[in-house]
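Undergrad: Handing you this structure, nothing more for now.
Only the coordinates and a few stated rules stand behind these numbers; no lab work does. Computed from a predicted structure; not experimentally measured. Note that each Cβ is placed from the backbone with ideal geometry, even for glycine, and that neighbours are counted across all protein chains shown.
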Amino acid sequence: MLLNLLENLMVLLAFGLSYHYVSRWFPSKPVLRQLAFGAVFGLGSVVAMLQAFQYAPGVIFDGRTVMVSLAGLFGGLPGGAVAILIAGAWRAMLGGVGAFVGLTTILSAGLLGILARQLLKDHWPPSWGWLWLFSMVVHLTTLACMFLLPVNLSVEVVREIALPFLVFLPLAGTLLGLMLAHAESVQARVISLHHTDWLFGEAQKLTNFGSWEYDVRTDTATATPQFFQIHGLPETTRGHTLKDTLKLMHADDRERVRQVFMESLRSGEPFDLQSRFTSHDGRNLWIRLVGKPIVEAGKVRQVVGNLIDITVRMRSELELRESQSRLQSILDHAPALICICDAVGVVKVASQRFRILDMAEEELIGKPLYELMPREKNLEQWLDDLVALKAGERIEFEEMLRHRDGSTHTYLTSKFLLGGEKDDQVCYISADITDLKRLAMEREDLVGQLVVKNEELERFTYSISHDLKSPLVTIGGFAELIAGDLKAGREKSAVDSLSHIRDAVADMRQLIDGLLKMSRSGHEASHFERVSLQDVFDSVRLLLHGMLEEHPVEMVAAAGLPTVVGDPLLLRQVLQNLIENALKFRVPERPLKIAIDWFVKENGTVVVSFGDNGQGIAHPDLERIFQLFERGAGSNSGSGIGLALVRTIMVRHGGMVWAESDGPDKGSTFFLSFPYAEQG
Ligand code: ADP
């Protein structure tokens, strides 16, 4: 019997070893693996039954309980069930007296295995103690099953098999269980290693890096498939050295990389470098090579590291750098003050234009803008603006800034939100609008002048049509009279009427001459130069010599009239008109006095006055008399052109004319003002 049991134990061992191979099938499908395991151990039971010890015909003993119980313990429900089915089927087929008991032992061993797997879940893999206890329970149950045999047979059988069933088979079960538990944990480790390997490979593909190991003694490198993939080499490349990797690096980088590597070998320090790289299949890459020497007994034996394809990152970095330099170039050439500030107003980027304010852009960076620009005032103001910008408001304002050369310029500034990943950024753009402003003002000025001229022209047209008509009416009327006189033979009356016509013609000529002068004074090219008003006055006095002789005039002129900038001929007309008027509007009963004086106002304006003791001017007429064809209330002679001409000329000189009088018979004073001109 012992021989049979030993044979049986050999069978158990052989099938136990087969577990290794079975468990390699379906590594990712545990249920299939358990079913296969159950099938193998079920077959093991069949082989054990073939080698069984026959106690009596139909009563056999073997190691099937060990096989089926372990199938349940290690194969769980699927494994246990398959083993029970196969072993059970075979035992049933053998038949005999012990068939029922044999089947019972198979069933109980399998079920105990399945149950124990559940109970030992928290103690997995089971220790030898648990395994021995389990085997003991299985075989005690098997022995108990023997009592299902006929009574006379059962007692004898139990006596016969008690020793092997309580010593050898539990021992064999424990040993085989230990072997299976060990095999299972090795298998689990292999599976997890395979998984880690797979994960590592996928991670390398995903992030495009390959790991390598360089053996200093043999000068060879071993590496992961992705390392060779980056090189454009087959994954199974052999005999690769780091020199081969070095050869693919850009000629300009090669020497540097070699030196860093040699230095690392010498010092034992890790390295991390970047280089351009051309793979075997002609791809131009950027790679990062990191390595860490492994030092043993003070000597570098190996270097391990990673080769990382950083082309995508480098390209975007280069693009970023390029777009940054483009932005800087725009900033440097923009004819405006431009800067970008962070949320608290600190300047991050500034344009070169700030130099015009005597601020070099390098000095601006890192400083808060509110310390540099007058409108920004302080942090509070800055933050208020930021809140407004976030609420979608527009911030635009004009500010006066002083240039390096001392001149003050008007700037139009706008602030807007750039938005940043971490924080808000504000862009500040300020353009010099001084020239634009000046042009706008000049235009406004011109438009104003044009309006005045237009009004003047309208009045002029009206006055001309009105004033030129009256002599024509006179001429027409007297012509009628002459015709009547001639018919009636009244020659004397006709001659009188003719003299009236002559007067009217003379009036008209005077009017037309005055108008011509007036129009010339407004349109003819002037020759502006430094003019001594004293010289002009002397020449007018000479011109009016005859008139002045005719009537005694007391002329008091301040010594040395000033020098102004103007057209001497036009200025002569002004002085001549004023003096002629003083003569014209004298009071015959008293000798005429003309006082000419001048002074300089605080702002440098030169004012020359012409006072007389003549008829004076009523208050309401003081302004009106400067309009074309307007005459004073008491005056019924003259064309009303003289003072309009004076005003036109003074306006052309950038000056003014006005009159003052205490009223009729109280004399009057006319004032001329000229913009500042240096005296001398
Ligand atoms: P006119 O050729 O008719 O003199 P002006 O334009 O020279 O025309 O003068 C307009 C009016 O101003 C005159 O009609 C006169 O009433 C008044 N006026 C000008 N100068 C004097 C003066 N020195 N004294 C008083 N009235 C004056």
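Undergrad: Taking the Cα centre of the chain as origin, work out the dipole magnitude from +1 charges on Lys and Arg Cβ and -1 charges on Asp and Glu Cβ, in debye rounded to 20.
TA: Here the size comes out at about 3840 debye.
Undergrad: Between the range 196-249 and the range 298-360, how many Å separate their Cα centres?
TA: Centre-to-centre (Cα) distance: 34 Å.
Undergrad: If you don't mind, another one. Helix 169-207 versus the longest principal axis of the chain: what is the Cα-based angle in degrees, 0 to 90, to the nearest 10?
TA: Orientation of helix 169-207: about 20 degrees from the principal axis.
Undergrad: Quick one: order Cys427, Cys341 by neighbouring beta-carbon count within 10 Å, fewest to most.
TA: By the 10 Å Cβ count, ascending, the order reads Cys427, Cys341.
Undergrad: Given H placed on each backbone N at 1.01 Å, which residues far from Gly345 in sequence or on other chains put an amide H within less than 5 Å of it?
TA: Excluding prolines and chain starts, which carry no amide H, there are no hits.
Undergrad: Run the reach check for Lys390 against lysines, Cα to Cα strictly under 24 Å, same-chain hits fewer than 8 apart removed. What comes back?
TA: Correct list for Lys390: Lys348, Lys367, Lys377, Lys415, Lys422.
Undergrad: Exactly which trypsin sites (Lys or Arg not before Pro) in the range 147-218 are in a DSSP loop and have at most 16 other Cβ atoms within 10 Å?
TA: Passing sites in the range 147-218 are Arg217.
Undergrad: Still on this structure, please answer the following. Specify the angular offset, from 0 to 90 degrees and rounded to the nearest 10, of the alpha carbon long axis of helix 311-333 from the longest principal axis of the alpha carbons in the chain.
TA: 10 degrees
Undergrad: Still on this structure, please answer the following. Taking a ≥ b ≥ c as the square roots of the eigenvalues of the Cα gyration tensor of the range 15-166, is the shape rounded (a/c under 1.5), prolate (a/b larger than b/c) or oblate?
TA: It comes out prolate by the Cα gyration axes.
Undergrad: Measuring from centroid to centroid over Cα atoms, what is the spacing of the range 101-121 and the range 613-680 in Å?
TA: Value for the Cα centre distance between the two parts: 137 Å.
Undergrad: Fewest first, what order do Glu235, Glu630 take by the number of other Cβ atoms within 10 Å?
TA: Glu235, Glu630
Undergrad: Between Ile294 and residues 5 or more places away or on another chain, which pairs have amide H atoms under 5 Å apart, with H built 1.01 Å from N, and which residues are they?
TA: It is Arg301, Gln302, Val303, Val304, by chain and number.
Undergrad: Another question about this same structure. Karplus couplings for the range 397-412 from phi (6.51 cos²θ - 1.76 cosθ + 1.60, θ = phi - 60°), rounded to Hz, Gly and Pro as x?
TA: For the range 397-412, the Karplus curve yields 7, 9, 9, 9, 10, 8, 7, 4, 7, x, 6, 9, 10, 8, 10, 9 Hz.
Undergrad: By the gyration tensor of its Cα atoms, with a ≥ b ≥ c the square roots of the eigenvalues, what is the shape of the range 239-341: rounded for a/c under 1.5, prolate for a/b over b/c, or oblate?
TA: Note, shape of the range 239-341 comes out prolate.
Undergrad: What range in the chain is the longest one free of chymotrypsin sites (Phe, Trp or Tyr not before Pro) that are in a loop by DSSP and have at most 15 other Cβ atoms within 10 angstrom?
TA: By the stated rule (loop sites, at most 15 other Cβ atoms within 10 Å), 26-527.
Undergrad: Return a whole-number percent for the relative contact order of the range 557-680, with Cα pairs under 8 Å and 6 or more residues apart as the contact set.
TA: 31 percent
Undergrad: Here's a follow-up. For every helix of n ≥ 4 consecutive DSSP H residues, a contribution of -39,500 (n - 2.57) applies; sum these over the chain, divide by its total residues, and give [θ] at 222 nm rounded to the nearest 500 deg cm²/dmol.
TA: Value at 222 nm, helices only, nearest 500: -18500 deg cm²/dmol.
Undergrad: Next question. Can you pull the one-decimal nm distance between simple spin-label points at Leu246 and Asp358, each 7 Å off the Cα toward Cβ?
TA: Those two pseudo-labels are separated by 5.9 nm.
Undergrad: I need to check one value: relative contact order of the chain, counting alpha carbon pairs closer than 8 Å and at least 6 residues apart, in percent.
TA: It comes to 5 percent, rounded to a whole number.
Undergrad: I would also like to ask the following. Specify the angular offset, from 0 to 90 degrees and rounded to the nearest 10, of the alpha carbon long axis of helix 64-94 from the longest principal axis of the alpha carbons in the chain.
TA: 40 degrees
Undergrad: Give the long-range amide H neighbours of Leu592: residues separated by 5 or more places, or on another chain, with amide H under 5 Å away, using H modelled in the peptide plane at 1.01 Å from N.
TA: Hits under the 5 Å cutoff: Glu554.
Undergrad: How large is the direction-averaged shadow of the alpha-carbon convex hull of the range 555-621, in nm²?
TA: Taking a quarter of the hull surface, the average projection is 6.0 nm².
Undergrad: Kindly identify the range 480-625 as rounded, prolate or oblate by the Cα gyration tensor criterion: order the square roots of the eigenvalues as a ≥ b ≥ c, call it rounded if a/c is under 1.5, otherwise compare a/b with b/c, prolate if a/b is larger, else oblate.
TA: prolate
Undergrad: Using Cβ contacts closer than 10 Å as the measure, can you line up Leu242, Leu206 from fewest to most?
TA: Going from sparsest to densest Cβ surroundings: Leu206, Leu242.
Undergrad: Another question, if that's okay. Of Asn577, Val556, Phe671, which is farthest on the positive side of the dipole of the chain, counting Cα position, with +1 on Lys and Arg Cβ, -1 on Asp and Glu Cβ, and the Cα centre as origin?
TA: Result: Phe671, furthest along the dipole toward the positive end.
Undergrad: Charges at C-beta only: +1 for Lys and Arg, -1 for Asp and Glu. How large is the resulting dipole of the range 375-494 about its Cα centre, in Debye rounded to 20?
TA: 700 debye
Undergrad: So how many Å³ per residue does the convex hull of the Cα atoms of the chain work out to?
TA: Each residue corresponds to 399 Å³ of Cα convex hull volume.
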